[in-house]
Structure formats: structure tokens, C-alpha cells
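Chemist: Pasting a structure here, questions to come.
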Amino acid sequence: MKAVARLVWSYFMGSVLTRTLTIIGAVLLGADLCILATQPESGEMLWLGIFGLIALFVGSSWMPLMFGRLAGSHAARVMPGARLKLLASALVTVLLVSVPVGLVVTAAFISDRSSIPEVIQNPEALQYVLNLAAITLTSAMIFAGWMYVALWMMTSKRNLQGLVGTLIVILLFTLLPVREIRALNVSLTWNLQQLAVVWAVFGAGFLWWPEIKARRPRAPEPFDGVTRALSGRSTGREFDVVLGTANPWPGVLASILPLALMVHFVGNAPGVWLSFLAIFSTVAGAASGQVPGRSRALWLRGNWTRASLFSAVERSVWRHNVHLLGALTLAFLGVGIYGGYSVALLACGIPLLVLGSALSTYLGLAATKGLHWLEILCAIAVMFAPMFLMKFVSKANPDLLTVFALELGFFLLAAGLRQIARRRWLDIDWVQCRPERVMMIRGA
Amino acid sequence: MTSTVAAARLGKAFGAKQVLRDISFEVSPGDVIGVLGKNGAGKTTLLEVMLGFTPPTSGGIQVFGHESLNLPGDIKSRVGFVPQQDELLDQLTVRDQLRVIASFYPHWDSALIDRLCTEWGVDLDARIKGMSVGERQKLSILLAFGHQPALLILDEPVASLDPIARRQFLEQLLAISTDGQRAIVFSSHIVSDIERLANRIWILKEGRLDWQGDLDSLKESIVRLHIRGSGAELPQLSIPGVINIRRDGAFATAVVRDWAPEAQEALEKSASVQIEVESLGLEEIFVELHR
């Protein structure tokens, strides 16, 4: 029990950043619950809770990486009950970030319609509210669980397999609840069944993994052959090979698979498509975050200053990203033509994808000193910026002037980020952005 | 003649933590410099400042007459570096990795690399991802040798090598250094390797260059004294340059630095003691300096 508590404590409080976010999240949620218990519900109050929930979740975001590292470590094999304790710590973490969701949603529901004493006195209302709380809690647990899986894939598996997995998980955990809500079939029983099956399968697999691993024949990694076949283009592009930008095709392939799934799930709804394509374009650009660390190997191997190295790196990254951006644009055009999107929607949507990619590309290039407050806040903003813009673009008749003004604003933001990246590269310190150092910071 | 590397009052801090303090040195062609220091003494930082990976916070450092932060391409092509943690590309084979790195240099000695691959048992078709730490280290060393650099900097190059591979590596390093045209700077915790190979020693202690000079001077300078008094108890002794002293009745053992025969004579006369001087090995010197 002590070990589980210590692990959970480390997930939330392990570094200054996560500790601060966790405390901010807890304070905001506490304040929101106090207000909801005493005042009638309003939109502003809910935002307080939402920010609190986001802070609490981001505060625990090292959990998947720490969990994965500990599970794969030698210590996990020799310490008594290590895997069981790790599994329990993951479950407790999911529960800890989900309970506030149930509390806030239920408190907001009561605050909007009645008061806590009135609900307690009315058995029918009490039953309804408890059911609502349970459904919200279990839905949040399902959602949080998949979010952690996506985070784990993003942080631990930096290959084609990881990218495909991340995109599919994002797609599934975002789309499936939408379908359930549309069909009005969310129920406590169904949620509990999902939770039981997912945790039972995951738990059994996790606990018996060492035995399974010892018995299974050594097979080549999935997609390894594909990656190898697609990567035979290194001659003349050695600079790109060192940076990891020589071969854009696995990334393109990694996006096409989830997009094919999307056709099945969402048809041609413009809002959903634009939303996902914007996320994909942002994820595509984010791969540039590994470039500052990898460029260290190039420093002694060419006639460049730090400024000219940045220019060469920037060109290399765009040579890589333009392929994925092209694939996403083609997908958007294809769906748009098939779905009869307006010309205005297509004209506004394509710059959105380019801007999403540009913002995340320059943010990645600017991360020359590992991950700190500024980078984390910017990354969150960059993830939300295209989603925010998408709301205006995906309307049946978008207000072109507003969209143009917003896109211009994002363009200026991307240009500003590029300037920051360029200035940071002028005094890039490779001691501070070594890949293993970044991993250490992430894992701290 | 221009020094290969020259540093003056070099300092480096990461935030509030001062890692290097007031370091000055020169490296000339023909020098084989062994860098010794405890963990966290600043060895890796010193080597990386030397190569321009990280800017110094004070002082200056020049490589072949150019500021290390702004080395031109022709100077960089004369520098080879083996980092402590390799920078190999996991998805490539050894052959592809060698090809990728060779493409950056106009004068890549393929014959030398092929020969070393055979001698060191490096499989050209092996995928890097599946290689052991020692095999990866061998490949990192090969990548630094291929363009026959005039300045070779190695950060703990033998840490993961087995004794045979270590011997082969040291032999190769000796072969490289014999022409007197190249300079080699390497850090290691294996003192016997440094003793065997280096003609100059740098000892880093808490970010300062505590000692620099040739190995023989170091061994002459830092010695152990066995002191025997004439009475039952030794009198109070004033030993110049004492690093540490252990007393036991009429006997004492002291380690001193900057020892000179004149000091021995003076001490024997003034304190009526007999002194025997014992030379120390490099490992003992290192331990005594850090005691």
C-alpha cells in the first residue's frame, strides 16, 4: 500500500512542473466545488472546474512514461509484487483524475436545478443524481485511461508503430463517446462493462507479460519491414538521415490508416474532419521537437555556424513535413469534393492545416533547452489554436473576414515562433538539449 | 606555432551551478592528454566546451586558432570526437551509418575503417538497434577515426569495452599518436589506460584543473613520505605541500605535492627525523588528491 501511494505521489508530484500543476488543479477544483455548492451554476464557474481538471490531468502526465519505464526495468522483476503495485498505482491515478470530473459535473447539475439539501430529501432526485455521478465517473475513467495510453505511445514509442497507435487511440477515444452520445445509449452498466473488460485484459496482460514474453518466439517488429523498405533513400540526404527527416513516408502511412478509419466512423462531417486533420497536422509538426537534440551530431560535421545550421535544419524539416501536409490536404480536398463542401470552407480549411503544422514545427525547433514552463504552455496553446480556429471555419457559411483575420493572427504567431526558434539556435547549447537529457527531464 | 587548443580562464556554469572554474591550458600537436576526475568533476563539460557544443560563461577557448563556438568547416573536418553517449542512428546498419558519416568528410579513409572493422570484429551488416553497448562504442570510435583528425577528443571511450577490445583500441590510439602531428585528449576512469597512453595528465577537481603536466613530473611532484622520529613520539612537523598525514607514535606517513629534495634535507635537520620517499602510481596519486 505504501509503495502504491509513493508511486502515485511521484506521478503527480515528481517534478516542480507536475507538482505545481497538480496543486493548481486541486485548488481550482476545490474552489469550483465550493462555489457550485453555494451559488447557482454559471458558465464561468464551469470553466474554473475545466481548467482545474486539465491542470490535474497534465500534472499526472508523466505517469504513462514512468509506469512504462518502471515496468520494463530490472527492478520490476526482482522487487516483490512490483507489477501488481504498478498496476494498482495506474488504476488509482485514473481514479484520482476521474473523481473530480464526477464531482464537478454532478455539483454543476444540482446547482443548476436545485440545491443539495433538496436533492437529499427527494429520493427520486437523489437516485438520478447518484446515477449521473456514477456514469460521469466511469466515463471519465474510460476517457482518462485511453488518454494515458495515447500519452504512453507518444512518449515511449518514437517510431511508426507509436505514431499509428497514438493517432488511432486519439481517434477512437474521441469518436466512440460521440457515437454513444448521439445514439443516447450511455449507461452505467455499459460503462462498467467497458471498464471491467479493459482493465481485466490490460491487468492480466501486464501481470503475465514477463511469462508471455519469455515464451513467445522472437518476431520482427511490426512495420519494421515497411519502414526499412521505405527508408532506402538515404544517399545524398545524409543530413536529413542524421536529423531523422529523410523519410517522410512512414508518417504519411501512419496518418492514412487512421484517416481510413475515420471515413468509416464519421462520414463526411466537415467539423469532425477538419478537427482531426488539424490535430494530425499539429502532431506532424511536433516531430520537429527531436531535431535540436539530433542536430548535435551535425555540428562538427559541416561548415556551418549556428545560424546557417538553423536554416539548413529548417529546410530539412519542411522537406519532411510537406509530404504529410500534402497527404492531409489531399485527404481534406477528397472528402470535401465527395461531401460537397463549399469552396469557402475548402479555401479556409487548407491554410488551417498549414498553420497547425507551422506552429508546432517552430515550437519543436524552439525547444532547444528541453521542456520548461514556456514550452509546455505553448504546446498546449498550439494544440488548441487550430481547434479554436476550426470552430469558425467549419460553419456552413463561414464569416470569411473573421476567419481570414484569425488565420492572419496564427500566421503572425507562427512567424513569431520562428523568430524565437532562430534566436534560440544562435546560442543553442547541446549539453542542455541532448536527447537522453530531454528524456531524463521528461522522465523526472 | 599555433596551439591545437588554447584556453584562458575558462569558466562554465549551468544556472547557479559552477561546473568549470578558471581553467587555462594549451594542447599542442603530439600531446596525448589523459583527463582524470571524479564523477561530476566537469570532464565532459570541459570536452564539450572545447568543441563548441556549449558556450563558456567566462574566458575563451580556441581550437586551431578559432573560437570554439564558431569553428569553420575546414577546422571541424580536422576534429574527431567520441561522445560519452553515442549518437548512432538505431534504424541503420553499421555499413549505412559509416556511409552517412563518411559523406560529411572529403578525406575519409575507407581502407583504414575496413581494416579496423575486420580487426575489431565489427559486423558491417548488423543493425545498430540490436548491438550491445560495447559494439556501439566500437562503432562510435570508428566514426571518429575515419577522417584522420588532427585533434581527437574522446569522452570515456573505453568504458564499455571488453579487455581485448580495449587493448585493440589503445594500440590504435598509440599508432595514431606516434606521428607527433596529432593531439589526443581523452577522459577515462581507467587510470592504467591513461598511465599507459598519456604523456600529459590533467586532473580536474571540483571544476578546477588541479594538476596539469607530464606524467613523470606528476609522479615526481606527488610522493608519499615515510617519516621516523628518534623518540617515542614524533614532534610537530611542518611539512610543505602536505595533502594528508597519518601519525602513529614515532612514525608518520604523509602525502605531499611539489616535493623537492631540498625540502627533505631541511625537514630531516629541523625535526630530527628520517624520511623515506616513496613514488606513487597514478591511481594512488589520484586517490590521495581526492581524499
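Chemist: Provide a single number: the residues in segment B:1-59 that are among the polar types (S, T, N, Q), over 19 Å from B:Ile201 (Cβ atoms) and buried (at least 21 other Cβ atoms within 10 Å of the Cβ).
Modeler: 1
Chemist: So the check is Cβ under 8 Å with 6+ separation or different chains; which pairs have a first residue in segment A:111-123 that's closer than 16 Å to A:Ala133 by Cα and a second one that's open to solvent by less than 40 Å² (accessible area, probe 1.4 Å) and of a type outside the set (Ser, Thr, Tyr)?
Modeler: A:Ser111/A:Leu36; A:Ser111/A:Met45; A:Ser114/A:Ala125; A:Ile116/A:Ile110; A:Val119/A:Ile110; A:Val119/A:Ala125; A:Val119/A:Val129
Chemist: The conditions are (1) surrounded by 16 or more Cβ atoms within 10 Å (Cβ to Cβ); (2) away from chain B (no Cβ under 14 Å), and A:Gly326 fails exactly one of them. Which is it?
Modeler: Looking at each condition in turn, A:Gly326 falls short on (1).
Chemist: A further question on this structure: For B:His189, work out the one condition from (1) under 12 Å from the mean Cα position of the chain (by Cα); (2) part of a strand (DSSP E or B) it doesn't fulfil.
Modeler: (2)
Chemist: OK, next. Any idea how many residues of segment B:105-163 are more than 14 Å from B:Ile176 (Cα to Cα), open to solvent by 10 Å² or more (accessible area, probe 1.4 Å) and touching a Phe, Trp or Tyr at 6+ places or on another chain (Cβ under 7 Å)?
Modeler: Result for segment B:105-163: 2.
Chemist: May I ask you to verify whether B:Ile227 is over 30 Å from B:Asp22 (Cα atoms), outside any loop (DSSP other than H, G, I, E, B) and hydrophobic (A, V, I, L, M, F, W, C)?
Modeler: yes
Chemist: Can you say whether A:Ala297 is away from chain B (no Cβ under 12 Å) and touching a residue at least 24 places away in the same chain (Cβ under 8 Å), as far as the supplied structure shows?
Modeler: no
Chemist: Are any residues in segment A:343-353 more than 15 Å from A:Phe404 (Cβ to Cβ) and exposed (fewer than 14 other Cβ atoms within 10 Å of the Cβ), and if so, which ones?
Modeler: The answer is none; no residue qualifies.
Chemist: On to the next question. Among the numbered criteria (1) part of a helix (DSSP H, G or I); (2) open to solvent by 30 Å² or more (accessible area, probe 1.4 Å); (3) within 21 Å of A:Arg422 (Cβ to Cβ), which one does A:Val263 miss?
Modeler: A:Val263 satisfies all of (1) part of a helix (DSSP H, G or I); (2) open to solvent by 30 Å² or more (accessible area, probe 1.4 Å); (3) within 21 Å of A:Arg422 (Cβ to Cβ) except (3).
Chemist: While we're here: Being loosely packed, with under 13 Cβ neighbours inside 10 Å, among the hydrophobic types (A, V, I, L, M, F, W, C) and farther than 25 Å from A:Gly336 by Cα is true for just one of A:Ala415, A:Ala405, A:Ala381. Which residue is that?
Modeler: A:Ala415
Chemist: Against the conditions (1) over 28 Å from the mean Cα position of the chain (by Cα); (2) assigned to a loop (DSSP other than H, G, I, E, B); (3) within 14 Å of another protein chain (Cβ to nearest Cβ), where does B:Lys129 fall short? Just the number, please.
Modeler: Failing condition for B:Lys129: (2).
Chemist: Would a scan of segment B:21-43 turn up a residue that is assigned to a helix (DSSP H, G or I) and among the β-branched types (Val, Ile, Thr)?
Modeler: No.
Chemist: Can you confirm whether B:Leu112 is more than 11 Å from chain A (Cβ to nearest Cβ), in contact (Cβ under 8 Å) with a residue 12 or more places away in the chain and closer than 30 Å to A:Glu238 by Cα?
Modeler: Yes.
One line per residue, one yes/no per condition, for (1) more than 27 Å from B:Ala7 (Cβ to Cβ); (2) in a helix (DSSP H, G or I); (3) open to solvent by less than 70 Å² (accessible area, probe 1.4 Å):
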{"position": "B:Asp216", "(1), (2), (3)": "no, yes, no"}
{"position": "B:Ser238", "(1), (2), (3)": "yes, no, no"}
{"position": "B:Ala252", "(1), (2), (3)": "yes, no, yes"}
{"position": "B:Glu262", "(1), (2), (3)": "yes, yes, no"}
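Chemist: Considering only segment A:62-104, state which residues are of a type in the set (Val, Ile, Thr), farther than 18 Å from A:Lys213 by Cα and surrounded by fewer than 20 Cβ atoms within 10 Å (Cβ to Cβ).
Modeler: Across segment A:62-104, the qualifying residues are A:Val92, A:Val99.
Chemist: Scan segment B:173-197 residue by residue and report those that are of a type outside the set (Gly, Ala, Ser) and open to solvent by 20 Å² or more (accessible area, probe 1.4 Å).
Modeler: Once the filter is applied, which keeps residues that are of a type outside the set (Gly, Ala, Ser) and open to solvent by 20 Å² or more (accessible area, probe 1.4 Å), segment B:173-197 yields B:Leu174, B:Ile176, B:Thr178, B:Asp179, B:Gln181, B:Arg182, B:His189, B:Ile190, B:Glu195, B:Arg196.
Chemist: Then there is this: Looking only at segment B:45-102, which residues are charged (D, E, K, R) and either over 22 Å from the mean Cα position of the chain (by Cα) or more than 7 Å from chain A (Cβ to nearest Cβ) (or both)?
Modeler: Selection gives B:Glu67, B:Asp74, B:Arg78, B:Asp86, B:Asp90, B:Arg95, B:Asp96, B:Arg99.
Chemist: A:Gly49 passes all but one of (1) under 25 Å from the mean Cα position of the chain (by Cα); (2) open to solvent by 70 Å² or more (accessible area, probe 1.4 Å); which number fails?
Modeler: Of the numbered conditions (1) under 25 Å from the mean Cα position of the chain (by Cα); (2) open to solvent by 70 Å² or more (accessible area, probe 1.4 Å), the odd one out for A:Gly49 is (2).
Chemist: Only one residue in A:Gly289, A:Gly340 is open to solvent by 10 Å² or more (accessible area, probe 1.4 Å), in contact with a Leu (Cβ under 8 Å, 6 or more places away or on another chain) and away from chain B (no Cβ under 14 Å). Which one?
Modeler: Being open to solvent by 10 Å² or more (accessible area, probe 1.4 Å), in contact with a Leu (Cβ under 8 Å, 6 or more places away or on another chain) and away from chain B (no Cβ under 14 Å) holds for just one of A:Gly289, A:Gly340, which is A:Gly289.
Chemist: Only one of these is open to solvent by 90 Å² or more (accessible area, probe 1.4 Å), free of Cβ contacts under 8 Å to residues at least 60 places away in the same chain and farther than 22 Å from B:His189 by Cβ: B:Arg246, B:Arg291. Name it.
Modeler: That would be B:Arg246, the only listed residue that is open to solvent by 90 Å² or more (accessible area, probe 1.4 Å), free of Cβ contacts under 8 Å to residues at least 60 places away in the same chain and farther than 22 Å from B:His189 by Cβ.
The values are calculated or read from the model by the stated rules, or taken from the named source; none is laboratory data. These numbers were taken from a predicted model, which means no experiment stands behind them. FYI the Cβ positions are ideal-geometry reconstructions off the backbone, even for glycines, and counts take in every protein chain you see. Note: areas computed on protein heavy atoms with side chains; ligands, DNA, RNA excluded. Shrake-Rupley method; radii C 1.70, N 1.55, O 1.52, S 1.80 Å.
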